[in-house]
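Undergrad: Pasting a structure below so you can have a look.
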Amino acid sequence: MQTSQKHRSAGIHGFYHQPVQEMDPYGLSHIQILDKTMYSDAGSQGTSVSFETCLGQYFTLESSSATAGFVVYDSPAASISSNRSPFSSQGSHSCISDPRHSPENIYGSPLSGSSSADDGNILRQKLRELEVSLLGPESDITDSGSFCFVSGGYHAEPYASWDWNQMMEMIPRLDLKHVLLACADAVSNADIQRSAGLMHVLDQMVSVSGEPIQRLGAYMLEGLRARLELSGSKIYRALKCEAPISSDLMTYMGILYQICPYWKFAYTSANVVIREAVEYEPRIHIIDFQIAQGSQWILLMQMLACRPGGPPAIHITGVDDSQSAHARGGGLDIVGQRLSKVAESCNVPFEFHDVAMDGCEVQLEHLRVQPGEAVVVNFPYVLHHMPDESVNTWNHRDRLIRMVKSLSPRIVTLVEQESNTNTKPFFPRFIETLDYYAAMFESIAAGGSMDVKQRINAEQQCVARDIVNMIACEEAERVERHELLAKWRSRFTMAGFNQYPLGSSATTAVKDLLKEYHRDYSVQERDWALYLRWRDRDMATSSAWR
């Protein structure tokens with residue numbers, strides 16, 4: 001299985017509208033977690049991982065079971081998952097730094113730091129001071145034992161001289177974010193000894209069933225271990241290759257959909273501006289680069305059916321991939337049939353065309369645009385999956401934007417995570433990931449009471465793998481590459497687009513939506529776009545172009 005091209009994690013995809021059955025224990029049944037050794041099947045199609053350590057088990061993902069019996073609707077996790085063509089981390093010329101982030105904020109939120117050498121040295125000095133306080137001045141561990149790289153894992157001789165009791169007493173007073181950053185710094189420098197010592201401390205601090213930062217820390221620790229093993233892609237594939245059955249996947253995504261507004265924000269804001277743009281058009285062609293279950297267009301058809309003068313003829317082209325088909329339990333014909341029934345009930349003339357391929361494979365001839373159609377293009381949490389100029393000369397990210405421009409669309413809608421991880425090197429990318437997902441895990445926890453095991457399942461299936469991918473993987477295997485709105489604005493402008501303002505009607509619609517969610521969600525109208533915020537952190541942006 002090709003992780004980067006043929007497998008999308010459960011992330012934020014799909015509208016799943018059917019009852020679900022018993023959930024599989026985290027979908028990780030193929031991984032056995034023992035006291036001090038984790039093994040996975042060494043003969044399973046490129047997914048073999050074998051790690052050994054005397055400092056504690058390498059994988060902190062626990063195993064248990066949970067059940068659920070409820071109907072789930074659009075199933076986004078707040079993490080926007082991926083499965084796109086080859087990506088790489090080479091180069092940083094397309095990366096725009098967020099001016100709100102500075103190294104002075106490294107011990108708070110936001111965590112993002114400057115990329116300058118001086119600021120980096122100051123940060124590393126602070127992290128080193130933390131290690132000294134944690135492990136003592138001899139934190140290279142050479143006086144107490146020796147680490148060596150053996151059989152794809154780390155082995156430590158007994159540390160008789162370590163005062164583990166004193167260390168355990170010290171752990172509750174430590175800031176988990178600080179220790180994660182210190183460990184990431186050690187990993188970025190390939191310092192096995194420092195990394196192993198800090199990972200052992202982190203083992204005592206993280207938990208998939210703990211507080212939001214402890215849960216996030218568990219997944220980030222797995223990413224750090226995978227990266228230090230130089231086997232991030234193996235672990236990433238091992239975590240992804242055993243996909244849960246479709247009904248379980250629906251459940252996992254549905255849990256997060258119910259408690260997080262990220263996809264509803266995308267649908268609501270985009271539909272308002274689309275309705276305005278095609279208000280008087282008799283024929284509309286919607287091209288959706290992440291069709292999922294087509295739920296967004298059910299709402300739009302119902303709105304357009306009621307317009308004065310009668311409904312328009314609607315032609316929808318849906319772009320799909322294999323993972324969405326798995327979650328759906330079938331191909332795009334399921335979506336077409338579902339939308340056809342809705343159109344019939346609304347007396348809307350309707351045509352559906354499926355493009356069952358990855359978005360970066362789409363060419364102009366696949367879209368079948370007809371003369372006289374008002375073209376609408378929708379990019380919901382999907383364009384960041386496309387490889388850009390930092391990856392290879394194909395630059396599908398900009399190629400798709402230019403191709404869409406050649407269609408002279410009436411409107412193009414774009415919704416993306418407001419995070420900056422595309423071309424950042426490892427350590428600043430780790431800081432950005434920690435900052436962004438700390439806010440996300442807080443928002444998940446604030447979504448109301450739920451069964452702990454259900455939440456763990458949802459987070460592991462819909463979020464954890466993407467975090468591991470961002471931390472552990474590079475080049476073709478790193479498929480999570482987000483950009484800030486400022487960078488998207490640059491790309492669309494260079495392709496010849498002008499930004500279309502999302503005004504008060506879209507803002508009002510999103511505000512009404514957020515009344516269903518925690519009070520710490522908010523929306524801001526800024527720079528002709530809408531920003532979905534969790535507390536003081538921008539989480540996603542919605543913009544439109546023509």
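The values are calculated or read from the model by the stated rules, or taken from the named source; none is laboratory data. If you're wondering where the values come from, they're calculated on a predicted model, not measured in any experiment. Cβ coordinates were reconstructed from backbone atoms using ideal geometry, including for glycine residues, and neighbour counts include every protein chain displayed. Accessible surface is based on the protein model in full, side chains and every heavy atom, while ligands, DNA and RNA are left aside. Shrake-Rupley method; radii C 1.70, N 1.55, O 1.52, S 1.80 Å.
Undergrad: Only one of Leu513, Leu532, Leu502 is touching a Phe, Trp or Tyr at 6+ places or on another chain (Cβ under 8 Å), within 22 Å of Leu299 (Cα to Cα) and in a helix (DSSP H, G or I). Can you tell me which? Give the steps one after another, and end with the answer.
TA: Values: Leu532 fails: in a helix (DSSP H, G or I); Leu502 fails: in a helix (DSSP H, G or I).
When all the criteria are applied, what remains is Leu513.
Undergrad: Which residues, taken from the stretch 477-509, are open to solvent by 30 Å² or more (accessible area, probe 1.4 Å) and among the β-branched types (Val, Ile, Thr)?
TA: Within the stretch 477-509, Thr493, Thr508 meet the criteria.
Undergrad: Can you tell which of Arg283, Arg275, Arg338 is within 22 Å of Gly503 (Cβ to Cβ) and open to solvent by 10 Å² or more (accessible area, probe 1.4 Å)? Break it down stepwise before answering.
TA: Details: Arg283 fails: within 22 Å of Gly503 (Cβ to Cβ); Arg338 fails: within 22 Å of Gly503 (Cβ to Cβ).
Result: Arg275 is the single residue among Arg283, Arg275, Arg338 that is within 22 Å of Gly503 (Cβ to Cβ) and open to solvent by 10 Å² or more (accessible area, probe 1.4 Å).
Undergrad: Of the residues Thr413, Thr421, which single one is in contact with a helix residue (DSSP H, G or I) (Cβ under 8 Å, 6 or more places away or on another chain), outside any helix (DSSP H, G or I) and within 30 Å of Pro282 (Cβ to Cβ)?
TA: From the options Thr413, Thr421, the qualifying one is Thr413.
Undergrad: Then there is this: Regarding Arg194, is this residue part of a helix (DSSP H, G or I), in contact with a Ser or Thr (Cβ under 6 Å, 6 or more places away or on another chain), buried (at least 20 other Cβ atoms within 10 Å of the Cβ) and modelled with pLDDT under 90?
TA: Against the criterion (part of a helix (DSSP H, G or I), in contact with a Ser or Thr (Cβ under 6 Å, 6 or more places away or on another chain), buried (at least 20 other Cβ atoms within 10 Å of the Cβ) and modelled with pLDDT under 90), Arg194 does not qualify.
Undergrad: Quick one: Gly318 ticks every box in (1) in a helix (DSSP H, G or I); (2) within 26 Å of the chain's Cα centre (by Cα); (3) of a type in the set (Gly, Ala, Ser) except a single one, so which number is it?
TA: Tallying (1) in a helix (DSSP H, G or I); (2) within 26 Å of the chain's Cα centre (by Cα); (3) of a type in the set (Gly, Ala, Ser), Gly318 fails exactly one: (1).
Undergrad: Oh, and also: What pairs can you find where one residue is in the stretch 376-394 and in contact (Cβ under 8 Å) with a residue 24 or more places away in the chain, the other is open to solvent by 10 Å² or more (accessible area, probe 1.4 Å) and of a type in the set (Lys, Arg), and their Cβ atoms are less than 7 Å apart, with a gap of 6+ or different chains?
TA: Short answer, once both residue conditions are applied: Val376/Arg410.
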